[in-house]
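Heads up, the thing below is written out as structure tokens.
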Amino acid sequence: MEVRIDKYLWSIRVFKTRSDATDACKGGKVRLNGADIKPSRNVSPGDTITVRKGAVTYTYRVLELIDKRQGAQLVPKYAENLTPQEELDKLKAPVETFFLKRDRGSGRPTKKERRQMDSLWEALNEDIDG
């Protein structure tokens, strides 16, 4: 049995759609055994797949081939998740959000208010970065 990598990644629920998996392969976000690949590349048991999604790089080992989408409980039978814990911790990184209170219906900020918001935003970013 031969299975394309885009179909395999969709089957083990790494991507929601097969076209998402295909686009990721074409975009260089998927590597097979350390090499960039095309979506039509076949996988075999024992291969290592690296997938970059956002800030996190996931790593999987192919245990068994499958070409039909599986339920989440059955995925460990077909792929072993080798993703290091420090990569998974990136998912829990705090997202800095910054809101200024404005009265509803007061319209767009004036030039003076905009400058005040910008200087406050820059000061906040300097505190985070430095």
> Volume per residue, Å³, of the convex hull around the alpha-carbon atoms of the chain?
Replying inline: 183
> Hey, quick one: spin label on LYS68, modelled 7 Å out along Cα-Cβ, who in the stretch 33-51 has an amide N within reach, i.e. under 16 Å?
Replying inline: none
> What's the local net charge at ASP118, with K and R +1, D and E -1, over the other residues with C-beta under 13 Å away?
Replying inline: +1
> Which value in deg cm²/dmol, rounded to the nearest 500, describes the helix-derived mean residue ellipticity at 222 nm for the chain, given -39,500 (n - 2.57) per DSSP H run of n ≥ 4 and division by the residue count?
Replying inline: -9500 deg cm²/dmol
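Need the full-extension length gain, LYS38 to GLN85, defined as separation in residues times 0.36 nm minus the C-alpha distance. One decimal, nm.
Roughly 14.1 nm would be gained on extension.
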> What percent do you get for the relative contact order of the stretch 1-82 when only Cα pairs under 8 Å and 6+ apart count?
Replying inline: 31
> Distances over 17 Å make up what percent of all Cα-Cα pairs in the stretch 6-63?
Replying inline: 24
> For ASN125 and LYS26, what is the calculated FRET efficiency with R₀ set at 30 Å and r taken between the beta-carbons, to the nearest 0.05?
Replying inline: 0.30
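Rule-based calculations on the coordinates, nothing more; no lab input. Everything numeric in this text was worked out from a predicted model, so none of it was measured. So basically every Cβ, Gly included, is an ideal-geometry build from the backbone, and we count neighbours across all protein chains shown.
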